[in-house]
1. Could you check the simple spin-label distance between Met214 and Arg145, using points 7 Å along Cα→Cβ, in nm with one decimal?
2. If you roll a 1.4 Å probe over the heavy atoms of the protein chains, what accessible area per residue do you get for the chain, in Å²?
3. For the range 143-187, with all protein chains present and a 1.4 Å probe, just round the carbon and sulfur fraction of the accessible area to a whole percent.
4. With charges only on Cβ, +1 for K and R and -1 for D and E, what is the dipole size of the chain about its Cα centre, in debye, rounded to 20?
5. Tell me the relative contact order for the chain as a rounded percent, counting alpha carbon contacts under 8 Å between residues six or more apart.
6. In whole Å and largest first, what semi-axes does the C-alpha gyration tensor of the chain yield when each eigenvalue is scaled by 5 and square-rooted?
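The values are calculated or read from the model by the stated rules, or taken from the named source; none is laboratory data. Because the structure is predicted, anything quoted here is derived from the model rather than measured. A quick note on method: Cβ atoms are made from the backbone with ideal geometry, for glycine too, and the neighbour counts reach across all protein chains shown. These area figures cover heavy atoms from the full protein model, side chains too; ligands, DNA and RNA do not enter into them. Shrake-Rupley method; radii C 1.70, N 1.55, O 1.52, S 1.80 Å.
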Amino acid sequence: MRLALFDLDNTLLGGDSDHAWGDWLCERGILDGATYKARNDAFYQDYLAGRLNITDYLNFTLAIFGRTEMAQLDAWHREFMAECIEPIILPKALALLDKHRAAGDKLVIITATNRFVTAPIAARLGVDTLLATECEMVDGRYTGRTTDVPCFKEGKVTRLNRWMQENGYTLDGASFYSDSMNDLPLLEQVAHPVAVDPDPNLLAEAQKRGWPVMSLR
């Protein structure tokens, strides 16, 4: 069975779920709007520029998980899904997933965004396998820290290689769809890399290498 790998933010979604989650918490007054939003926006610009310090970013974004009960987090997420994620689910992305599903491919979403934010989104998209940045849990609640290798840049390759070894898959004939130059390490590994609504750096790289470029917008 061939793998069909998909980045999530700005690829299958018409926006960034991680950044949107922070904005939503600020709009609700759950986080301090001025301070948090400024730092969140700065981290997002670092991400777009390919210079994000993933450890600093995770310490910043996951802190609220450590001081909030699971039931409250889940209630917030249900509202967030309805208000922020449903409007950015792309019909063409659903059609692309269906195309690979019909071909008998194994669908995998592989994202730098944490599992709390992305697991309900992957379920909504009908994708059973999610590789995401992991949130540490102790005694049934989040600690506010991350655990395992962040699923970011080369970390995506590390996490995918481990998952394939554990589940009996290879990259033979695999496809990977992404918008971001941050995903170059994994795009270079697959037989069929596809740049989806790519950022300027990835667009230039895809054109140089002759990779397909497509839009799901």
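1. Placing both labels 7 Å along Cα→Cβ, they lie 4.1 nm apart.
2. 45
3. 46
4. Magnitude of the dipole: close to 380 debye.
5. Computed value for the chain: 26 percent relative contact order.
6. 28, 19, 17
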